[in-house]
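Written below as structure tokens is the structure these notes are about.
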Amino acid sequence: MFMEERQKNIVKQVNSSGRITVAEIQSLYQVSADCARRDLRLLESRGLLQRTHGGAIKAVSKGIYPEETYNPRDLNEVKKDYWEVAKRAVRHISSQDVIYITTSSVGYYMAMNLPDDLNITVLTNSVTIADELRKKSQVSVILLGGEMSHRGHCHDYYTIQMVKNIRMDKAFLSHSALSAEFGASIHDSAGAAFAKAVMENSSMNIGVYPSGKIGKNSIHSVCKAEDYDLLITDDHVSEDFLKQMDEMGISYDVVKLSEE
């Protein structure tokens, strides 16, 4: 079978079943693991699929602009990868920590999963996350204010000035996209300056990125991948990305997602 025919069949199977593994490609087409991975790299570069750890899934489009009034509380369904990555992030919080929690849905899920008896101080510029945290009596909340967007968070000049006056032990951040080449990036340039201010005032910066956000680029750069002290993701992330993190000396914590 010609390479082009094999790759065409791989795409068909991914679109039909939702995924394929390197081992399946080896078995179906009698090729080496390296050959199977080369096929997947080429197909991903053409936007025909998305590589994961040990295989590939259907192509995921680049991030879209969030709805003007988007709020994670309004989501009808919780994505398992987002939920599990958020739960793992909470494990990296210690008693007495002063932390920042991202405004993204991952940050909202972190707030939901914080133990009720964990004595910490949380900075947030999201009124939704602040409202969730007010139910936890041991959590002290500092709401970073300013001009509020319709999505319920602030990141303007006044918000930046507030965060510059507070020292954090850990900042948990998640943006629209993350790649080894372009780093973390977002759709809205207004949030970039705020994120940089948070990172400058935090002793440890932790990127919380479900695999669906990884290997993509948005519009405005926030930071380099190596500006993170730790990355938390799930095991659907591509092997190549983890190799790139190893080469860059970036630590990571990979959550295993149970198969459906």
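Rule-based calculations on the coordinates, nothing more; no lab input. The structure presented is a predicted model; accordingly, all values stated were derived computationally and were not measured. Here the Cβ is made from the backbone with ideal geometry for all residues, glycine too, and neighbour counts use every protein chain on show.
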On a 19 Å Cα-Cα criterion, which of the cross-link pairs Lys213/Lys243; Lys135/Lys164; Lys80/Lys213; Lys170/Lys256; Lys8/Lys79 come out too long?
Lys135/Lys164; Lys170/Lys256; Lys8/Lys79
Volume in Å³ per residue [convex hull over Cα atoms, computed for the range 169-250]
74 Å³
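Evaluate the charge dipole of the chain about its Cα centre and quote only its size in Debye, nearest 20, assuming +1 on the Cβ of each Lys and Arg and -1 on the Cβ of each Asp and Glu. Write out the running numbers ahead of the final one.
Working: 30 positive and 35 negative charges, 54 e Å.
Roughly 260 debye, rounded to the nearest 20.
Run lengths n ≥ 4 of DSSP H only: what is the helix-derived mean residue ellipticity at 222 nm for the chain, with -39500 (n - 2.57) per run over all residues, to the nearest 500? Numbers along the way, then the final one.
On the way: 9 runs with 91 residues, N = 260.
Rounded to the nearest 500, it is -10500 deg cm²/dmol.
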Label point distance in nm, Gln138-Ser17, each placed 7 Å from Cα along Cα→Cβ
4.6 nm
In nm, spacing of pseudo-spin labels at Asp131 and Asp240 (7 Å Cα→C-beta vector):
4.2 nm
Taking the convex hull of the alpha-carbon atoms of the range 1-111 and averaging its shadow over every direction gives an area in square nanometres of 9.7 nm²
In order through the range 86-100: 3J(HN,Hα) via Karplus (6.51 cos²θ - 1.76 cosθ + 1.60), integer Hz, x for Gly, Pro
5, 4, 5, 4, 4, 5, 8, 9, 10, 4, 6, 5, 10, 10, 10
Sort out for me the Cα centre separation of the range 200-260 from the range 103-164, rounded to whole Å.
22 Å
Around Ala180, which amide H atoms from residues at least 5 apart in sequence, or from another chain, sit under 5 Å from its own amide H, with H modelled in the peptide plane?
Gly215
Cα-Cα pairs in the chain separated by more than 36 Å, as a whole percent of all pairs, come to 18 percent
Collect residues whose amide H, placed 1.01 Å from N in the peptide plane, falls under 5 Å from the amide H of Ile142; neighbours closer than 5 in sequence don't count.
Val122, Leu123, Thr124
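Less than 11 Å Cβ to Cβ from Ile120, Lys/Arg counted +1 and Asp/Glu -1: what total charge do the surrounding residues give? Walk me through the numbers on the way to the answer.
Working: positive: Lys136, Lys170; negative: Asp97, Asp117, Asp169.
Within the 11 Å Cβ shell, the charges total -1.
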